[in-house]
Amino acid sequence: MKNIAVIGTGYVGLVTGTCFADLGNRVVCVDINEERINNLNKGILPIYEPGLEEMVRRNMASGRLNFSLSYDEAINNADSPAEMVFIAVGTPEGVDGEADLRYVRAAAETIAETMKHQVIIINKSTVPVGTGDWVADIVRGKQPEPIAFDVVSNPEFLREGAAISDCMNPDRIVLGSLNRDAANKVAQLYMPLRAPIIVTDLRTAEMIKYASNAFLATKISFINEISNICEALGADVKEVAAGMGYDKRIGRAFLDAGLGYGGSCFPKDVKALAHMANIQGKHPQLLEAVMTINTDQRRSLVNKVRGLIGNNGAHLSKLEGKTVGMLGLAFKANTDDMRESQPVDIIRMLQADGAQIKAYDPVAMDNAGKQLQNVKLCEDVYDVAVGCDALILGTEWNEFKNLDWHRIKGLMRKPVLVDGRNLYEPAVMRDLGFTYRGVGRGYA
Ligand code: NAD
Ligand code: UGA
């Protein structure tokens, strides 16, 4: 059993803190957001993450998981002083594409001002290479009197929507530190997970995180580029991905062509890595291409809609008088996180072309409503379909996988489906009487 403080109760802090508690440790999660902490103390979660609510409540009831606004309570508790302090605050995109480290700085400063005994400060946030050294300098500079500490980099690889399972069954644990003993102490915490543990230096650990995200983003842009070539040459990208994926050197994962990657991580992390390279005078050509292909993928879907239902009259903007329904608003299924959502971006492009928009998402509607204007948010898929000239499948929610297309066809003005997630088979949809376009599924 270890005593742990976790700074930040977002996707990473809340999930990892809860998992550490579930593994028998005593965890206090701290946030500066008062509403968040008050709600968490009542068992109300700030995010939608399957299975998390039950796990939080169970560990709160056992006394192993607590939430607080106070760093002092989390770090210096007399009965259970924290040996390890995890930083899991946001590192959003800054003005030039660099990672904005203001929250990491604030967390490091407050830890330094608060700690009364030796701790290991473990950075879980995704941070530019060199941040570990910078955090150490900040802590040293802010301590009222010198107290020994170590800094360990422990990047997190969980996915939203599958966060608990990823956290409890990680492919690997990466630990970077200048002090191997400190890294080995953190490794003990992870032993029950029986995952491979890589112990390396701080900078290498920080780079492993960016390189991993950038590689996954590259796979997605690669298959999206192939999907565009498939559309020109009459091949089916789904079968191409399946055929490639059987090769163990390639693997099938992250070869789903679609709307390109969205979310709070890939977009900002690929940009931040490219920014790091540029600052060092390197030209990150591949990363630049990955980002360009990703943005083009959203535009390409809008162009499909324009091609299928657009006005030809020069006096009208392309989609004036047309109603388009968006099924799904989240950047992927099983999350209500709306950061860098592709459906939201596509809705804005369609609106700029003059379209009226109706939309539905099983869980992200409240969050989406805060970002969207002039969109009719509907009760369900069938409510969306009424009077639409085209439907777009924007998120691969399970409940969109078995829809009553006969009913939907009867409700729409025109039976047009643009499937941004390749959930349906082109031939089946055509037999049902739909004009159907997927992504990379034969001639477009
Ligand atoms: P988030 O925005 O969901 O949560 C961050 C939390 O930190 C917020 O609750 C915020 O109030 C709190 N916070 C900010 N400053 C603070 C401070 N000084 N003291 C205490 N709390 C503070 O962020 P997230 O999605 O959990 O991401 C956190 C980090 O982990 C980022 O660097 C991200 O790139 C990385 N990451 C995220 C995921 C993911 O799936 N979301 C996965 C792996 C890594
Ligand atoms: C991603 C990584 O998968 C995690 O390992 C990492 O920890 C996290 O970023 C992070 O650093 O924050 P996440 O953003 O939650 O996790 O979601 P993913 O499942 O990776 O999907 C990202 C985006 O790529 C989604 O928009 C998804 O629809 C898209 N995607 C994914 C594709 O378009 N095709 C695919 O084959 C896979």
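The values are calculated or read from the model by the stated rules, or taken from the named source; none is laboratory data. Since the structure is predicted, the reported quantities are computational estimates derived from the model, not experimental observations. All Cβ positions, even for glycine, are placed from backbone atoms using ideal geometry, and neighbour counts span all protein chains on display. To get the accessible areas, we keep the full protein, side chains included, count just its heavy atoms, and leave off ligands, DNA and RNA. Shrake-Rupley method; radii C 1.70, N 1.55, O 1.52, S 1.80 Å.
Full extension of the segment from Asn311 to Ala148, taken as 0.36 nm per residue of separation minus the current Cα-Cα distance, would add 51.8 nm.
A cut-off of 5 Å between modelled amide H atoms, ignoring neighbours fewer than 5 places along the same chain, links Ile7 with Val30, Phe86, Ile87, Ala88.
Of the DSSP beta bridges with both residues in segment 202-444, give the percent that are antiparallel, rounding to the nearest 5.
Here the antiparallel bridges make up roughly 5 percent for segment 202-444.
Listed by chain and number, the lysines whose alpha-carbon sits under 20 Å from that of Lys414, ignoring those within fewer than 8 places in the same chain, are Lys304, Lys318, Lys322, Lys358, Lys376.
When each of the peptides 226-237, 344-355, 140-151 is scored by the mean number of other C-beta atoms lying within 10 Å of its residues, the order from highest to lowest reads 344-355, 226-237, 140-151.
Using the Cβ atoms and a cut-off under 14 Å, what net charge is assigned to the surroundings of Lys42, where Lys and Arg are +1 and Asp and Glu are -1? Present the calculation step by step, with values, prior to reporting the outcome.
Details: positive: Arg36, Arg57; negative: Glu34, Glu35, Glu53.
Result for the local shell: -1.
Report the residues of segment 180-203 in range of a label on Met168: point 7 Å along Cα→C-beta, backbone N strictly under 19 Å from it. Only 189-196 pass the distance filter.
Put simply, the amide H of Ile197, placed in the peptide plane, has neighbours under 5 Å in Ile173, leaving out anything fewer than 5 places away on its chain. Across all C-alpha atoms in the chain, the radius of gyration and Dmax reach 23.8, 75 Å.
Using Cα atoms only, what is the angle between the long axis of helix 180-190 and the major principal axis of the chain, expressed in degrees (0 to 90) to the nearest 10? On a 0 to 90 degree scale, this one is about 60. Per residue, segment 1-47 exposes 35 Å² of accessible surface when a 1.4 Å probe is rolled over the protein heavy atoms with every protein chain present. Charged neighbours of Val56, selected by a Cβ distance under 13 Å, balance to +1 (K, R count +1; D, E count -1).
Scaled to the globular estimate 2.2 N^0.38 Å, the Cα spread of segment 258-399, given as radius of gyration, is 1.15. At 25 °C and a viscosity of 0.890 mPa s, what translational diffusion coefficient does Stokes-Einstein give for segment 202-444, taking Rh as the Kirkwood radius over Cα pairs? Give it in µm²/s as a whole number. After rounding, the answer is 131 µm²/s.
Can you work out the base-10 log of I(q)/I(0) for segment 3-200 at q = 0.09, 0.13, 0.15 1/Å, using the Debye formula on its C-alpha atoms alone? Scattering profile of segment 3-200, log10 relative to I(0): -0.30, -0.65, -0.88.
Accessible area per residue for segment 287-444, computed on protein heavy atoms with a 1.4 Å probe, is 42 Å².
Carbon and sulfur together cover what percent of the accessible area of the chain at a 1.4 Å probe radius?
On the way: 9710 of 19550 Å².
Carbon and sulfur together cover 50 percent of it.
Taking amide H as placed 1.01 Å from N in the peptide plane, the amide H of Ala333 sits under 5 Å from that of Glu396, each at least 5 places away or on another chain.
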